[in-house]
Amino acid sequence: MTKRTFGVIGLAVMGENLALNVESRGFPIAVYNRTGAKTEAFMAERAEGKDVKAAYSLEEFVQILERPRKILVMVKAGKPVDAVIQQLKPLLAEGDMIIDGGNSLYDDTERRTQELEATGLGYVGMGVSGGEEGALHGPSLMPGGTEAAYKELEPILTKIAAQAFDGDGPCVTFIGPGGAGHYVKMVHNGIEYGDMQLIAEAYDLMKNCLGLNNQQLHEVFAEWNTTEELNSFLIEITADIFKYIDKETNQPLVELILDSAGQKGTGRWTVVSSLELGVPIPTIYAAVNARVISSYKDEREAAAKVLSGPTPKYDGDVKAWINKIRDALYCSKMCSYAQGMALLAKASDEFNYNLNLAETARIWKGGCIIRAQFLEKIKKAYIDNPKLPNLLLAPEFKQTILDRQDAWREVLTLANSSGIAVPAFSSSLDYFDAYRRDRLPQNLTQAQRDYFGAHTYERTDKPRGEFFHTEWTQTDKESLETGSTD
Ligand code: NBP
């Protein structure tokens, strides 16, 4: 038997589909799963007739792989990844490489990369986005870690990845050292949370304020999907969802789904990292919180009986309001991406990832959950200025947001007066208003900090870097003598 070019460990949803994707591009593969019965089922069904060789022990698995070995680990993130690495390590030889394609925390990937590189092995922590379909037909891949290992893997990864639209190449690039790949995947997921929550808020307003039915909602989202600004995978599937009829009840399925959202942690990790790095990402945080509060289903049902609010209502033309909601969605989306990209830029500096943000936007143009036409504009903005401090300052975005902010503000007024929570729309507008103002009320915050904790402050009439402290408890007489009112 010829040795296998590529090995996959873990035959759950993602492992199975990625294995078949690699095999379909002409690479002989080997597979292994901890529970042998799963491997047997895979071999008997989906791998039937394909160039796949199963192994039932890790020893056998490494034996049938050509050197340097290229092993993709697709097991549950966390301890299982460490367990697999520890079992594999003694069986591997210098130059062999392990790729972790799961949603691992970037810190873990950093640690594992250092540990394996120290033993002469290559380690690639690779974010994979696109779900089951993407894994099989072409995901967006975000590999980081050992660059030499990436170079060895590149011919395979560029073949299995999705293609970016407009012939913009395969959706894969070397992201950076250590945990860079998983960091970028984490922020991708944070942005995905933001996008999904913004769409949910637009839906809530159109359904519960404007009174649109599912057919109308389908038409609105289908129409938005034809526009340059909103054309995207998430808008497309949203349009589909509204027309899906449940066979059992003959009702739209979306109406029968419990309004309690799950999460697996990548959104929360994004928020934790943003707090650690001091980068505001309020829209993404709002999206994580919206899922959390949705999960308080029983409490909300009880509260709904005793805490009333206004009855949703609107004045004027429905079509005009739909267009305003579309503008609010787009402006909010720009703010959400501005936050996510700013977080990447800061992480790049802090962790020496040396991220190329234009390339990051390019590899999200296909395969992944946030794929969208709008990413081309983001890519261009960072090509024009790789050190752009904030996406909102890019010419591609600045004018659009200025032109549409009136509609955005009107939509928030409508939501507030109707009692409909729009945390991601609101957080985005607050972000915009805080970012664009040269004077914020934190002069008062600084005064308070100095008052109770002698934390000192800088003055607007003195050079930056000079710090002052005041004994704030003046007597009334002193205050009058100096004429001080501030
Ligand atoms: P799961 O996350 O459900 O993991 C199941 C796999 O992990 C099985 O093969 C299982 O083997 C193996 N495993 C476990 Br659990 N503990 C193990 C251990 N101690 N040693 C060896 N193997 C162990 O699979 P998935 O949904 O395919 O996801 C894989 C990774 O990809 C995850 O990190 C996930 O977050 C990420 N991801 C998933 C998606 C998605 O859409 N599902 C998308 C993008 C990324 P067993 O059969 O013996 O129990």
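The values are calculated or read from the model by the stated rules, or taken from the named source; none is laboratory data. In this text the structure is predicted, and so the values were computed from the model without any measurement. Here the Cβ is made from the backbone with ideal geometry for all residues, glycine too, and neighbour counts use every protein chain on show. Note: areas computed on protein heavy atoms with side chains; ligands, DNA, RNA excluded. Shrake-Rupley method; radii C 1.70, N 1.55, O 1.52, S 1.80 Å.
Could you please let me know if SER332 is closer than 28 Å to PRO280 by Cβ, surrounded by fewer than 21 Cβ atoms within 10 Å (Cβ to Cβ) and at pLDDT 95 or above?
On the way: closer than 28 Å to PRO280 by Cβ: yes; surrounded by fewer than 21 Cβ atoms within 10 Å (Cβ to Cβ): no; at pLDDT 95 or above: yes.
Here the answer is no, as SER332 does not meet what is asked.
Checking each residue of segment 430-453 against the condition of being under 30 Å from PRO310 (Cα atoms), touching a residue at least 40 places away in the same chain (Cβ under 8 Å) and of a type in the set (Ser, Thr, Tyr) gives at least one match. The criterion of being modelled with pLDDT of 95 or more and at positive phi holds for ASN352.
Of all residue pairs spaced 6 or more apart or on separate chains, those with beta-carbon atoms under 7 Å, a first member in segment 265-294 that is more than 21 Å from LEU329 (Cβ to Cβ) and a second member that is aromatic (Phe, Trp, Tyr) and in a helix (DSSP H, G or I) are VAL271/TYR285. For segment 335-346, the criterion of a residue being in contact (Cβ under 8 Å) with a residue 12 or more places away in the chain and in a loop (DSSP other than H, G, I, E, B) is satisfied by no position. Report yes if THR266 is open to solvent by less than 10 Å² (accessible area, probe 1.4 Å) and not charged (D, E, K, R), otherwise no. Taking the combined requirement at face value, the residue does not satisfy it. Can you tell me which of (1) more than 26 Å from GLN263 (Cα to Cα); (2) under 18 Å from the mean Cα position of the chain (by Cα); (3) not acidic (Asp, Glu) is the one ILE237 doesn't meet? Evaluating ILE237 over (1) more than 26 Å from GLN263 (Cα to Cα); (2) under 18 Å from the mean Cα position of the chain (by Cα); (3) not acidic (Asp, Glu) leaves (1) as the failure. Here VAL62 clears all of (1) closer than 21 Å to THR119 by Cβ; (2) without any contact (Cβ under 8 Å) to a residue 24 or more places away in the chain; (3) among the β-branched types (Val, Ile, Thr) except the condition numbered (2).
Within the option set ALA93, ALA47, being more than 29 Å from ARG371 (Cα to Cα), open to solvent by less than 10 Å² (accessible area, probe 1.4 Å) and away from the ligand (no atom under 12 Å from the Cβ) holds for one residue only, ALA47. Residues that are touching a residue at least 24 places away in the same chain (Cβ under 8 Å) and open to solvent by 70 Å² or more (accessible area, probe 1.4 Å) were ranked within segment 25-44; the one that is farthest from the ligand (Cβ to nearest atom) is ARG25.
The test for being over 16 Å from ARG409 (Cα atoms) and among the basic types (Lys, Arg) does not hold for ARG326.
Right, GLN63: within 10 Å of the ligand (Cβ to nearest atom) and open to solvent by 50 Å² or more (accessible area, probe 1.4 Å) or not? Answer is no for this residue. Taking the criterion of being open to solvent by 20 Å² or more (accessible area, probe 1.4 Å), within 16 Å of the ligand (Cβ to nearest atom) and assigned to a helix (DSSP H, G or I), the residues of segment 103-146 that qualify are ASP107, ASP108, GLY131, GLU132, GLU133, LEU136, HIS137. Within segment 67-85, restricting attention to residues that are over 13 Å from TYR123 (Cα atoms) and more than 7 Å from the ligand (Cβ to nearest atom), the residue that is least open to solvent (accessible area, probe 1.4 Å) is GLY78. Before we move on, is ASP461 acidic (Asp, Glu) and surrounded by fewer than 18 Cβ atoms within 10 Å (Cβ to Cβ)? In short, yes.
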